[in-house]
Amino acid sequence: MNTTSQNTSIKDFVSFELRKMLETNETLKTLSERLDLKSPSLLSMVANGKRLPSEALLEKLFVVWKTGAKERKFLRLQLKLEKKHQKGKEALSLMQEIKKLNPPSTFFKLKLKQIESVRDWHVLVVRALANSPEFNADPQWISERLRNKISPKQARTALSLLTDRGLLAQDEKTGKVTVCQDYVETTHEIPSEAIRQHHRGMLSRALEALNEQSVSERLFNSITLNFKPEDLELAKKRIVDFNRAFHEEFGHNTSDTVYQLNVQLFSHTAPSRGKEK
């Protein structure tokens, strides 16, 4: 399970996600009404990072974000640690509980500003393309290599974002571009509008590939099965572990071809009547 970065406060995280919601989905007034807040001013202060969210607001956000039980516990602990400025044994105890829920990973986790920069699907594709030996930082070349799915202007913006966020580095003398960190991940289980937008873009590309690419270039496969909801957490972990192992086995920086692997796991069915309570 990956959650917010250890360098990211709960105030910054909630502020980041609220701003993404306000930019893409709703106004401050409608979101306040949705969260049953009497005044939008409180939400505005939290969204602008001027104050911590209250426990009550965080619980309401959990419902809107559909946050899982384990992630709720993690965020509650983070809020408690920051809100009371805990020190000594109590702070140590809270930090130990948080560490158990957020174990260290050998993979590089994107920070909030980095996640925001990759909300457009093509940004990480440009980053992967930059790993290839034949890579050319010319935006027109990038546009053509990506089947003209993005414009040269979008390619130029992607390069700038990746460099600014520390995901690419460019030598000032030679102009050579290098990729920083071999394998990167966003957060898992913690809701993010930027990550949702990224996945929407990738799903759109998958639909295009289904129509535009031959069966020799792609593989679309799926299973439909009866599934025990209590196995969901283990199933998610297996998929994340599979993605990492797949990258380690098949990721080659010497290749000039970029592929996308999407793995989706979701329920086709509504909760049974006996579980609606």
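All of the numbers you see were taken from the coordinates with simple rules; none came from a lab. Since we're looking at a predicted model, the values are computed, not measured. Here Cβ is always computed from backbone atoms with ideal geometry, including for glycine, and neighbour counts include all displayed protein chains.
Of the listed peptides 213-225, 153-165, 245-257, 37-49, what is their order by residue-averaged count of other C-beta atoms within 10 Å, with the highest listed first? Don't skip to the answer; put the middle values down first.
On the way: 213-225: 7.4, 153-165: 18.2, 245-257: 10.8, 37-49: 15.2.
Result, highest mean Cβ count within 10 Å first: 153-165, 37-49, 245-257, 213-225.
Which order do peptides 63-75, 119-131 fall in by mean Cβ count within 10 Å, highest first?
Values: 63-75: 15.9, 119-131: 21.7.
Result, highest mean first: 119-131, 63-75.
Can you tell me the FRET efficiency between Q96 and F227 if r is taken as the Cβ-Cβ distance and R0 is 25 Å, rounded to the nearest 0.05?
Efficiency for this residue pair is about 0.15.
Estimate the FRET efficiency between Q213 and K50 by the formula 1/(1 + (r/R0)^6), using the beta-carbon distance for r and 51 Å for R0, to the nearest 0.05.
Taking R0 as 51 Å, the efficiency between Q213 and K50 is 0.55.
Would you mind checking K20/K73; K60/K236; K29/K50; K20/K236; K50/K153; K70/K149 for any pair whose Cα atoms are more than 28 angstrom apart?
Beyond 28 Å: K50/K153; K70/K149.
Hey, with R₀ at 22 Å, roughly what FRET efficiency would A169 and W141 work out to, going by the Cβ-Cβ distance, to 0.05?
Working: r = 19 Å, r/R0 = 0.87.
Result of the calculation: an efficiency of 0.70.
Taking 0.36 nm per intervening residue step and subtracting the Cα-Cα distance, what contour gain separates D36 from K66 on full extension?
Using 0.36 nm per residue and subtracting the Cα-Cα distance, I get 9.1 nm.
Could I have the simple spin-label model distance between C180 and F250, label points 7 Å from Cα toward Cβ, reported in nm to one decimal?
2.9
Would you calculate the separation in nanometres between label points at F266 and R200, each defined as 7 Å from the Cα along the Cα-to-beta-carbon direction?
Taking the two extended label points, one gets 1.2 nm.
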